[in-house]
Structures are given as structure tokens and as C-alpha cells.
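Notes follow the structure.
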Amino acid sequence: MKVFLICLIAVILVAGLYVWVHRILINRATIMLRNRAQQTTDQAVNQCLQDDLGWDRTLQSELVADVWGKGVLAFEYHFPVADLADLTKERLEQKLNDYASGHQLLEAGESFVVTDWWQYEHVQHIDVAYLLNEATREYVADLKKIDH
């Protein structure tokens, strides 16, 4: 009986350890992917805004809230409305996808989608999704369903 209990406890400990290590590795991989995607998106947005608006500054993005799910690669930028000039959501999205094709970020289709474009207290807020994984594609598809 003692041998059985010891074996049962050992199996439970090994299973618990496996789940814990697996979760750490998955979370680490997700964080690494998100950081690389954020850097790539920051570079693309900054390059497009610098080319279009002649800026000499660099914007840093913030992750769109995690309520949309783990692994969603959507980032928010904000800057004063006065700096916007004639830039539109569609024009920025086209420039971002031109940037993506020029830098071979994805093989086919669009790489970036401007998912949100709004102003509050003279600050322009722009959300950009980098369509690198399935979670982000589903996020963009859900947003499109909401818009219709």
C-alpha cells in the first residue's frame, strides 16, 4: 500500500512539474514572438509616418489590452492630432503593406491592418495589427464582424 501511495504521489508531482515547465516555455515563446512583432511593427509605422509626414521622431507602441486573448499582435500608437496632416487610415494601411512587401515580412496578402483610428483630447490613437499568427487574424476578423 505504501509503495502504491509513493508511486501515485510521484506521478502527480511529475505531471505537475511537466505542466508547470510547459506553461513557462509556452509563455516565454509568446513573449518573444510579441516582442519581435512589436519591434517590427514599430519600425514599419515609424518609417511610414516619417516618409509621409516628414517626422524626425520615433513612436513607441503599447500592447492592445490582453482581453482579446493571448498572442494577439495588435499595438497602439498615439500622437498629437496637429501632426497628422492629410494621413488617413486607408493611406497608412496601404503604406504599411507596401513596407511589408518591400521588406518581405509576409509572403502573401496583407501584413498589417489598421484596426482602430480615433481621436480624444487632441490626441490621435491608431491601433495596428501585425497578421503574423492565427490569433491576430481571428482578432481582425472579429473586429470586421463588429464593424458590419
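A short reminder: the numbers here are calculations on the coordinates, not readings from a lab. What you see is a predicted model; the values in this text were computed from it and never measured. As a convention, Cβ positions derive from the backbone with ideal geometry for all residues, glycine included, and neighbour counts pool all protein chains shown.
Below 8 Å between Cα atoms, with a sequence gap of 6+, how large is the relative contact order for the stretch 80-148 in percent?
On the way: 66 pairs, mean separation 18.3, N = 69.
Value for the stretch 80-148: 26 percent.
What is the stretch 73-148 by shape, rounded, prolate or oblate, if you read a ≥ b ≥ c off the alpha carbon gyration tensor as root eigenvalues and call it rounded for a/c under 1.5, prolate for a/b larger than b/c, and oblate otherwise? Oblate, since a/c reaches 1.5 and b/c is not below a/b. Shape descriptor for the chain: Rg over Rh equals 1.20 (Cα atoms; Rh from the Kirkwood inverse mean 1/r).
Counting only pairs 8 or more places apart or on different chains, how many lysine pairs in the chain have C-alpha atoms closer than 30 Å? Lysine pairs satisfying the spacing and distance rule in the chain number 8. Rounded to the nearest 20, the Cβ-based charge dipole of the stretch 1-123 about its Cα centre (Lys and Arg +1, Asp and Glu -1) stands at 1160 debye.
Placing unit charges on each Cβ (+1 for Lys and Arg, -1 for Asp and Glu) gives the chain a dipole about its Cα centre, and among Ser101, Val113, Ala135 the Cα reaching farthest toward its positive end belongs to Ala135. Considering only Leu53, Leu33, Leu25, the mean-square fluctuation computed in a Gaussian network model of the chain, springs between alpha carbons under 10 angstrom, is largest for Leu25.
Based on the mean of other beta carbon atoms within 10 Å per residue, what is the order of 1-8, 126-133, most packed first?
126-133, 1-8
Normalised by the number of residues in the chain, the average gap of Cα pairs under 8 Å and 6 or more apart makes the relative contact order 22 percent.
From helices alone, the chain scores -19500 deg cm²/dmol at 222 nm; the rule is -39500 (n - 2.57) for each run of n ≥ 4 DSSP H residues, then divide by the residue total.
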